[in-house]
Amino acid sequence: MRTLLVEDDNLLGDGVQAGLKQGGYAVDWVRDGLAAKLSLESTHYGLVILDLGLPKVSGLDVLKWLRQRGYSVPVLILTARDTVADRVIGLDAGADDYLIKPFDLDELLARLRVLSRRSGGQASPVLQCGDLEMDPAARQVRKAGQSVELSSREFTLLHELLLHMGHVQSRERLEERLYGWGEEVESNSVEVHIHHLRRKLGPSLIRTLRGVGYVIDRA
Ligand code: CA
């Protein structure tokens, strides 16, 4: 899941970025509100983690701008201000969830899983398609009850396709979800990972639409 982290505190940003990467997210980290707007204009994100107290443009203004433009990406706000009023303003401005600093990294990851699930229209934490089951929290995949070992990229790719079941995902979009800035994109990487997923999960799960992209059809 390609995630934008907007946080001007270097220590906190560093910790969150490392934790997210370990959790299988591709992370772009910017440190002010203006850079956040530029990133959101140029890249399609699956999640945004937004600090409210930011240089140049405040987190709240970034959030309002984002919603005014009709972007529906899930946003989790980080706030140092533990007042009900601030939280309400943030939620009213279009945030989907919030965390008060300092917070536990595990809690952040758990909340992000809920947000990505909701945005994919999935109510259950476990994603299912036929005899395939994916538990994003436990990072487990089962096929007909048997555990399947996937690499981190394969897992991310399968997660994206299952979250958007029935909707074709272009190769470019999947590539965006797999890699953060500064990460070298291996050539044909999406094709290669799809090939491996088919080898592990069966040839018919992921359908290729030539020149368009990939889709997992609803079972
Ligand atoms: Ca701040």
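The values are calculated or read from the model by the stated rules, or taken from the named source; none is laboratory data. Given the structure is predicted, the values throughout are model-derived calculations rather than measurements. Cβ coordinates were reconstructed from backbone atoms using ideal geometry, including for glycine residues, and neighbour counts include every protein chain displayed. Keep in mind that these areas ignore ligands, DNA and RNA; they rest on the heavy atoms of the full protein, side chains included. Shrake-Rupley method; radii C 1.70, N 1.55, O 1.52, S 1.80 Å.
Listing for the model above:
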item	result
Any hit, region 102-116, residues being touching a Phe, Trp or Tyr at 6+ places or on another chain (Cβ under 7 Å) and closer than 22 Å to Asp9 by Cβ	no
Count - residues of region 54-77 that are on the phi < 0 side of the Ramachandran plot, over 21 Å from the mean Cα position of the chain (by Cα) and either surrounded by fewer than 22 Cβ atoms within 10 Å (Cβ to Cβ) or more than 14 Å from the ligand (Cβ to nearest atom) (or both)	5
Residue within region 33-53 that is within 13 Å of the ligand (Cβ to nearest atom) and out of contact with any Gly (no Cβ under 9 Å at 6 or more places or on another chain) present	yes
Scan of region 81-92 for residues that are touching a residue at least 12 places away in the same chain (Cβ under 8 Å) and over 23 Å from the mean Cα position of the chain (by Cα), ordered by number	Arg81, Asp82, Asp86, Ile89
Ser116 being polar (S, T, N, Q) and either modelled with pLDDT of 90 or more or surrounded by 18 or more Cβ atoms within 10 Å (Cβ to Cβ) (or both)	yes
Lone unmet requirement of (1) modelled with pLDDT under 95; (2) within 16 Å of the ligand (Cβ to nearest atom) for Leu108	(1)
Candidates Asp61, Asp82, filtered to the one that is at pLDDT 95 or above and more than 27 Å from Glu160 (Cβ to Cβ)	Asp61
Those residues of region 22-42 which are open to solvent by 20 Å² or more (accessible area, probe 1.4 Å) and touching a residue at least 40 places away in the same chain (Cβ under 8 Å), in sequence order	Gly23, Tyr25
Selection count where residues are assigned to a helix (DSSP H, G or I) and either near the ligand (Cβ under 10 Å from one of its atoms) or closer than 20 Å to Ser119 by Cβ (or both), scope region 1-32	4
Total residues in region 1-21, condition in contact with a helix residue (DSSP H, G or I) (Cβ under 6 Å, 6 or more places away or on another chain) and either over 18 Å from Leu178 (Cα atoms) or free of Cβ contacts under 8 Å to residues at least 40 places away in the same chain (or both)	2
